[in-house]
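See structure below.
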Amino acid sequence: MLWLIGVEIDQKTTDLIELRRKRPQLDRDRRLAYARAFLSNEGTVESRKLKAELAADEAKFALETHDQEIAVCLDALKALRDRSEIGRSINSNLKEELRQLSA
């Protein structure tokens, strides 16, 4: 059981590394979409900001969704580590009981 949990931890860690590797590009895409829209529009600063926010909304949503995927992966890793600790405790208790039965 502990071995399987270890395999799951390894897979989630690999997933997390990949998610974190992709995040900077998504953040860059969001910032560039906003900046391009802001600079290409005319009007008051407030009007340009609003237009830029609308233009960058898809990129912002992609980044926020990606951040949620990272959070889910971190939560899963925490749960797996908790399961691993529980398994170790049970294993330790079983070893102690077997030792006492053998004595």
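So, in the range 1-86, how many Lys pairs have Cα atoms under 21 Å apart, if the pair is 8 or more places apart or on different chains?
On the way: 12/22; 12/78; 22/60; 49/60; 51/60.
Taking the Cα cut-off of 21 Å, the pair count is 5.
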- Identify the GluC sites (Glu not before Pro) of the range 1-58 meeting these criteria: DSSP loop state and at most 15 other C-beta atoms within 10 Å of the C-beta. 42
- Query: Considering the dipole of the range 3-43 built from charges on the beta carbon (Lys and Arg +1, Asp and Glu -1) around the Cα centre, which of 19, 38, 9 is farthest to its positive end?
  - Reply: 38
- Item | Per residue value of the accessible surface for the chain (all protein chains in place, 1.4 Å probe), Å² | 77
- Task: About the Cα centre of the chain, how large is the charge dipole given +1 on each Lys and Arg Cβ and -1 on each Asp and Glu Cβ? Please answer in debye to the nearest 20.
- Result: 320
- What helix-only [θ] at 222 nm does the chain give? Using -39500 (n - 2.57) per DSSP H run of at least 4, over all residues, to the nearest 500, the answer is -34000 deg cm²/dmol
- Task: Please identify which residues in the range 1-28 have an amide N closer than 17 Å to a label point set 7 Å out from the Cα of residue 64, following the Cα→Cβ vector.
- Result: 26-28
- On the accessible surface of the chain, probed at 1.4 Å with all protein chains in place, carbon and sulfur together account for a percent value of 57
- Item | the range 51-102: C-alpha gyration tensor shape, a/c 1.5 cut-off, then a/b vs b/c | prolate
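The values are calculated or read from the model by the stated rules, or taken from the named source; none is laboratory data. Since we're looking at a predicted model, the values are computed, not measured. Cβ atoms come from the backbone with ideal geometry, glycine included; neighbour counts cover every protein chain shown. Accessible surface is based on the protein model in full, side chains and every heavy atom, while ligands, DNA and RNA are left aside. Shrake-Rupley method; radii C 1.70, N 1.55, O 1.52, S 1.80 Å.
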